[in-house]
Every structure is written in C-alpha cells, then in structure tokens.
1. Give me the pairs: first residue in the range 10-22 and without any contact (Cβ under 8 Å) to a residue 40 or more places away in the chain and within 14 Å of M41 (Cα to Cα), second residue assigned to a helix (DSSP H, G or I) and not polar (S, T, N, Q), beta-carbon distance under 7 Å, and six or more apart or on different chains, which are they?
2. For the range 1-80, list the helices (runs of 4 or more DSSP H) that sit wholly inside it and hold at least 3 residues that are under 16 Å from I149 (Cα atoms) and open to solvent by less than 50 Å² (accessible area, probe 1.4 Å); which are they?
3. Say we look at the range 134-190 and pick out the residues that are among the polar types (S, T, N, Q) and under 21 Å from G91 (Cβ atoms); which of these is surrounded by the fewest Cβ atoms within 10 Å (Cβ to Cβ)?
Amino acid sequence: LIGTLTLLQTLLLTALSVAREREQGTFDQLLVTPFRPVEIMAGKALPSMLVGLVQATLILLVAQLWFRIPFAGSFLTLYTALSVFVLASTGIGLLVSSVAATMQQAMLLSFLIMMPFALLSGLVTPISSMPEILQYLTLINPLRYAIDIAHRVYLEGAGLGLLIPELWPLGVIAVVMLSGASWMFRHRLA
C-alpha cells in the first residue's frame, strides 16, 4: 500500500497543479516570469514529491506503530528507492498536467492511468499469474517496481545493491516521463 497510496497522491497533486493554474489564468503570469519552463516544472514537482514522501512516512509509521509489522531492512534504502519512485510518479503527473486543459480532465486522466497501474502492479494478482502480454505491460508500470522494492526492503531486508533490477527501470521511467513532460510543456508554450 505504500507505493499505491503514494502514487495516487503524487499523481493527482502534480496533475492538478498546472491544470489549476491554467483554469485560474495564473499560468500566463507564470510564463512572463524570468523562470525557464524546466524551473517552473521543478517548482510544481518538488512540493508533490515532498508530500509523497511524507505520506509514505505516515504509512510506514502506521505499519510500525499500530500494526507492529517487523521491518527487516534499512530506512535509508527504502527512502532512496521511494525517492526514485516518487520522481517517476511526479513525471507522470507532470505529463498528465501538460496534456490536460482543465482540472477535471487532469483528474480523469489521472484515474484513467491509476486504475491499470494498480491492477497491473502485482498488488492484487501476482504478475506471474497474468497473461504473458500483460506481464510485458507491467514492465512500464512504476508501481510494480515500488511494490517489489517495498516488499523486499520491508520483509527481506534487501540492500540497494540487490534492488538494482527494480531501481534502473524506475530511473528510466522517471527520465522518460520528465523529459516527455518537459517537451510537452515547452511545446504548449509555443
């Protein structure tokens, strides 16, 4: 649940941030500031990333203090991996916000993306039980990697070296999504 709730929060916050600016007409005011589009995107992304990490912390605290689930790994390892995941989630949210013109469109697109991500993450159904074509589709799902990372760090005590097979695809997804959002953002400005 750490990954699922964090993805939902960061995706919605980021997607709605730029769409709200467009609806309220303050997006044009942002464009006349001396900031470059990348800097504006970073300003929209960082608060969402911080909220996502705070939410992950709250979920971890509930798991530790209320449910007393034993934690076998390192918090530093978990937060390093979660930071890469939150970066990928924020990139998806920025891409959605660069496409959506209104807050309603941004919210609908976010839920349209979130549902397949949740269903194809391995949270409900093991990925190995899915049809082969869906197993390949899960490779572009950042939630799949976040759930694997949380499971391996939390229950198995895996270190960063053992998480490389999950971390590098998350990094690729983050770079692709942030680059796509940046390109779309500049393209919409033109």
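1. As it stands, the answer is E21/F27; E21/L30, since those pairs meet every condition given.
2. Hits in the range 1-80: 2-24, 37-61.
3. Checking each candidate, the answer is S179.
The values are calculated or read from the model by the stated rules, or taken from the named source; none is laboratory data. Computed from a predicted structure; not experimentally measured. No Cβ is skipped: glycine too gets one built from the backbone with ideal geometry, and neighbour counts run over all protein chains shown. These accessible areas exclude ligands, DNA and RNA; they are computed on the full protein's heavy atoms, side chains included. Shrake-Rupley method; radii C 1.70, N 1.55, O 1.52, S 1.80 Å.
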